[in-house]
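Presented below is the structure to which this report refers.
The values are calculated or read from the model by the stated rules, or taken from the named source; none is laboratory data. Quantities reported herein were computed from a predicted structural model and do not represent experimental measurements. Cβ placement follows ideal geometry from the backbone for every residue including glycine, while neighbour counts extend to all protein chains displayed. Surface accessibility is based on the protein's heavy atoms, side chains included, excluding ligands, DNA and RNA. Shrake-Rupley method; radii C 1.70, N 1.55, O 1.52, S 1.80 Å.
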Amino acid sequence: MIDCLGRLGAVLQAEANGVTVDGVAGLAPGPVELDARLSGTTARFLLPILALGEGEYRLDGSPPLRGRPMGPSLHALRTLGVTISSEGQPGHLPVVVDARGMPGGSVTVSTSASSQFVSGLLLAGPRAGGVLTVVVQGQAVSRPYLDMTVAVMRAFGAAVEQDGYQRFVITPTGYEPAAFEVEPDASAAAYFFAAAAITGGSVTVPGLTAASVQGDVRFVDILEQMGAEVERTPSSITVRGTGTLRGVDVNLADLSDTAQTLAAVAVHADSPTTVRGIGFIRHKETNRIAHPVIELERCGVTAEETADGFVIHPGRPRPATIETYGDHRMAMSFALLGLRASGIQIADPECAAKTFPGFWATLTRLCQGSA
């Protein structure tokens, strides 16, 4: 994301207490080549923003990202009159945007695969040529991410009106500079909260609170249902393992990035755990329903794939090398199995660097009691 924004003219500078961003009055004119690498978030957020520029912008990514869907964003922008040509498989990267500014208008967007398609349009809306109305087709998935998007936009002076999660209206007010505090990543924190529940230890994450708009902060609620103790303060969340874990039946539609993490915890429960509402995560970095089931079975743990989730039965993992399928969350979630079972190895552990370059060092410090 930083590399792409730099190519579009922004200047980002890391400082001791954060990052300073010098924005641009208008994007650097094309032609510009942009590489989103493995980041679906980068590709889906930037694509509508590219339409705001002038000239040709080519957006591409690594082969795994080329396999992930971009169709809803492409369809919405073309509906608004933006000229986009596909160089590969229709509905996928790479694409070339022939930008002449993005007009306002009304578009209908499917979020069956990801809420990011809507978020990208929302972020671009304040710089559109007129009022932009985004209508969500069907039931929105990962709704807390839409809440996060709107909250950030408003923090920078944007005017957004919404009718639940079905209709968003963005007035072309532009943005105003502001100081913004970024919360700790609740998705990343979930691995360590899970580690506490699995081992009977204690983990505190400062800066993350129950008031967070991040949907994944609710992962601690599930751990609490399973038997862990959770302490919530105005400045932190602490999870303590009690030595007892119960199976649960939960819908993770609003916190789907924690599904694999919960699978690793569920192995240690005293009864089966059923996860529902996450059929759309089959189209993430990997098939996040089928592949966790395959890898648990590789460890000798009984697991079943369902239409919209999976069922995990209690078990004692046997030694195995876990395939990650290039998915950072597979690597980090299944590493948790090794906290109570010997012989668990992770193939391609480097893929964790996509979202958490320091994960392995942090997990090591946690196990040593010094994180």
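What is the angle, in °, between the Cα long axis of helix 186-199 and the longest principal axis of the Cα atoms in the chain? Nearest 10 is fine, range 0 to 90.
0 degrees
Hey, rough spin-label estimate for Phe156 and Gln139, points 7 angstrom out along Cα→Cβ, what's it come to in nanometres?
Rounded to a tenth, the inter-label distance reads 3.2 nm.
Taking springs between alpha-carbon atoms closer than 10 angstrom, which of Asn251, Asn17, Asn287 fluctuates most in the Gaussian network model of the chain?
With Cα springs under 10 Å in the chain, the top fluctuation among Asn251, Asn17, Asn287 is at Asn17.
Among Leu12, Leu74, Leu27, which one shows the highest mean-square fluctuation when the chain is modelled as a Gaussian network with alpha-carbon springs under 10 Å?
Leu12
If we count every other residue with Cβ under 12 angstrom of Arg154's Cβ, Lys/Arg +1 and Asp/Glu -1, where does the sum land?
That works out to -3.
Probe of 1.4 angstrom, ligands and nucleic acids ignored: what's the accessible area per residue over the chain, in square angstrom?
About 42 Å² of surface per residue is accessible.
R0 = 45 Å: FRET efficiency of Thr209 with Asn287, Cβ-based, nearest 0.05?
After rounding, the FRET efficiency stands at 0.85.
Quick one: if you stick a label point 7 Å off each Cα along the C-beta vector at Ala179 and Glu229, how many nm between them?
In this crude label model, Ala179 to Glu229 measures out at 3.7 nm.
Counting only DSSP beta bridges with both residues in the chain, what percent are antiparallel, rounded to the nearest 5?
70 percent
Grab the other residues whose beta carbon is less than 11 angstrom from that of Ala43, score K and R as +1, D and E as -1, and report the net.
Taking every Cβ under 11 Å from that of Ala43, the sum is +2.
Measure off, as a whole percent, the carbon and sulfur share of the 1.4 Å-probe accessible area of the chain, all protein chains present.
51 percent
Note down the relative contact order for region 81-206 as a percent, whole number, built from C-alpha pairs under 8 angstrom at least six residues apart.
Relative contact order, region 81-206: 19 percent.
Within the set of other residues whose C-beta is less than 13 Å from the C-beta of Met1, count the net charge using Lys and Arg as +1 and Asp and Glu as -1.
+2
Please tell me the relative contact order of the chain in percent, rounded to the nearest whole number, where contacts are Cα pairs under 8 Å and at least six residues apart.
Worked out over the chain, it gives 9 percent.
When ranked by the protection proxy of mean other Cβ atoms within 10 Å per residue, highest first, what sequence do the peptides 166-173, 41-48, 222-229 form?
Put in order of decreasing packing, that is 41-48, 222-229, 166-173.
Using a Förster radius of 35 Å, what is the FRET efficiency between Asp3 and Arg78 based on their Cβ-Cβ separation? Nearest 0.05, please.
My answer for the efficiency is 0.85.
In debye, nearest 20: dipole of region 65-201 around its Cα centre with unit charges on the Cβ of K, R (+) and D, E (-)?
I would put it at about 380 debye.
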